[in-house]
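The values are calculated or read from the model by the stated rules, or taken from the named source; none is laboratory data. Remember, it's a predicted structure, so these values are computed and weren't measured experimentally. Cβ atoms come from the backbone with ideal geometry, glycine included; neighbour counts cover every protein chain shown. Ligands, DNA and RNA are excluded from the accessible area calculation, which covers all protein heavy atoms including side chains. Shrake-Rupley method; radii C 1.70, N 1.55, O 1.52, S 1.80 Å.
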Amino acid sequence: MDFIFMLTRNDQTIETCLDVVAQVAPLGIKHIGFKDVGVDFDTLRRLNDTIKTAGGTSYLEVVSTSTEACLGSARAAAEIGVDCLLGGIDVDRMLDALEGSAVQFFPFVGKPHGHPTLLAGRPEDVAKDCARASRLGCAGVDLLAYRATEADPIALVEAARGATAGRLIVAGSVDSRDRVRALAEAGADAFTVGTAAFAGVFSPHKLTLAGQLEEILAACAYS
């Protein structure tokens with residue numbers, strides 16, 4: 001299972017994102033993401049170039065759940081040239097916005113709402129959305145499993161796994177070894193961690209960001 005390190009805290013890309021990428025390079029993290037808020041567009045472009053030059057895979061995650069903002073994020077992803085776009089709710093129009101680019105799209109499934117984003121919807125709703133995303137040619141889906149308000153998170157992951165032809169990425173509140181292990185057992189292909197690492201939540205006994213990331217990588221390998 002892949003660990004996607006998000007250079008984000010409280011749903012924004014951190015201002016020191018370029019410095020942090022350089023600091024964590026020795027850890028060998030190959031999947032690195034960011035959001036299109038928090039820093040200017042030129043910084044995002046430089047950040048993406050830095051990740052890809054180092055041999056990594058880049059991810060841009062959509063913050064908003066409004067259609068227009070999602071379309072703006074899709075256009076930004078294409079212009080920046082990221083490898084993967086995570087999130088968004090209007091799958092058809094976002095795919096149109098990405099047409100002609102090499103960006104792989106992983107839309108939200110279920111019913112994301114609010115800020116910070118929560119996830120409404122039952123397993124059957126998630127499965128239906130996953131099947132539709134696969135039919136439309138999406139590379140996979142982005143599931144806010146641990147933000148669920150109407151269902152057990154792992155039940156949602158299992159439903160998504162059964163209905164998704166592509167990669168299943170779980171984002172939001174993955175903040176412990178137990179949650180990483182549960183996701184692996186339920187069939188997730190990847191998970192994101194951002195705030196939990198920067199806030200020292202994932203491993204309270206490790207005082208540095210590098211220590212947090214090492215613990216996450218260890219949990220990922222163990223799972």
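Could you pull out the longest piece of the chain with no exposed loop trypsin sites (Lys or Arg not before Pro) in it, calling a site exposed if DSSP puts it outside H, G, I, E, B and it has at most 16 other Cβ atoms within 10 Å?
Longest stretch, sites excluded: 31-205.
Sort all Cα-Cα distances of the chain into consecutive 5 angstrom bins from zero, then give the percent of pairs in each bin up to the one containing the longest distance.
Histogramming the chain at 5 Å steps yields 1, 8, 16, 20, 22, 17, 11, 4, 1, 0 percent.
Could you work out how far apart the two model spin labels at Arg75 and Gln23 are, taking each label as a point 7 Å from the Cα in the direction of the beta carbon, and quote it in nm?
Calculated label separation equals 3.5 nm.
Where a Cα-Cα gap under 25 Å defines reach, which lysines qualify for Lys111, not counting those fewer than 8 residues away within the same chain?
Within the straight-line limit of under 25 Å, Lys111 reaches these lysines: Lys35, Lys128.
Tell me, in nm to one decimal, what length is gained between Glu214 and Lys128 on full extension, where the rule is 0.36 nm per residue of separation less the Cα-Cα distance? Write out the running numbers ahead of the final one.
Numbers: separation 86, 0.36 × 86 = 30.96 nm, distance 3.61 nm.
Once the chain is fully extended between Glu214 and Lys128, it gains 27.3 nm.
Given a cut-off of under 8 Å on Cα pairs at least six residues apart, what relative contact order in percent is computed for the chain?
Values: 438 pairs, mean separation 40.0, N = 223.
Result for the chain is 18 percent.
Counting only protein heavy atoms, what percent of the accessible surface of the range 1-131 is carbon or sulfur at a 1.4 Å probe?
Values: 2660 of 5700 Å².
Looking at the range 1-131 in its full context, I get 47 percent from C and S.
Per residue Cα convex hull volume for the range 35-153, in cubic angstrom? It would help to have the intermediate numbers written out before the result.
Details: hull volume 12.0 nm³, N = 119.
Considering the Cα atoms of the range 35-153, their hull volume per residue is 101 Å³.
For every helix of n ≥ 4 consecutive DSSP H residues, a contribution of -39,500 (n - 2.57) applies; sum these over the chain, divide by its total residues, and give [θ] at 222 nm rounded to the nearest 500 deg cm²/dmol.
The helix-only estimate for the chain comes to -12500 deg cm²/dmol at 222 nm.
How large is the accessible surface per residue of the range 155-223, computed with a 1.4 Å probe and reported in Å² as a whole number?
On the way: 2840 Å² over 69 residues.
Here the residues of the range 155-223 average 41 Å² of exposed surface.
Out of Ala151, Ala77, Ala127, any idea which swings most in a Gaussian network model of the chain, alpha carbons joined below 10 Å?
Of Ala151, Ala77, Ala127, the most mobile in the Gaussian network model is Ala151.
Note down the relative contact order for the range 1-117 as a percent, whole number, built from C-alpha pairs under 8 angstrom at least six residues apart. It would help to have the intermediate numbers written out before the result.
Details: 175 pairs, mean separation 23.8, N = 117.
Over the range 1-117, the number comes to 20 percent.
What relative contact order, as a whole-number percentage, does the range 167-223 give when Cα pairs under 8 Å and 6 or more residues apart are counted? Walk me through the numbers before you get to the answer.
Details: 66 pairs, mean separation 21.4, N = 57.
It comes to 38 percent, rounded to a whole number.
Got a sec? Charge dipole of the range 48-128, +1 on Cβ for Lys and Arg, -1 for Asp and Glu; which of Val109, Leu60, Ala78 is way out at the positive end?
Of Val109, Leu60, Ala78, it is Val109.
Take the alpha-carbon positions of the range 1-93, form their convex hull, and give its projected area averaged over all directions (one quarter of the hull surface) in nm².
Details: hull surface 24.1 nm².
Averaged projected hull area, Cα only: 6.0 nm².
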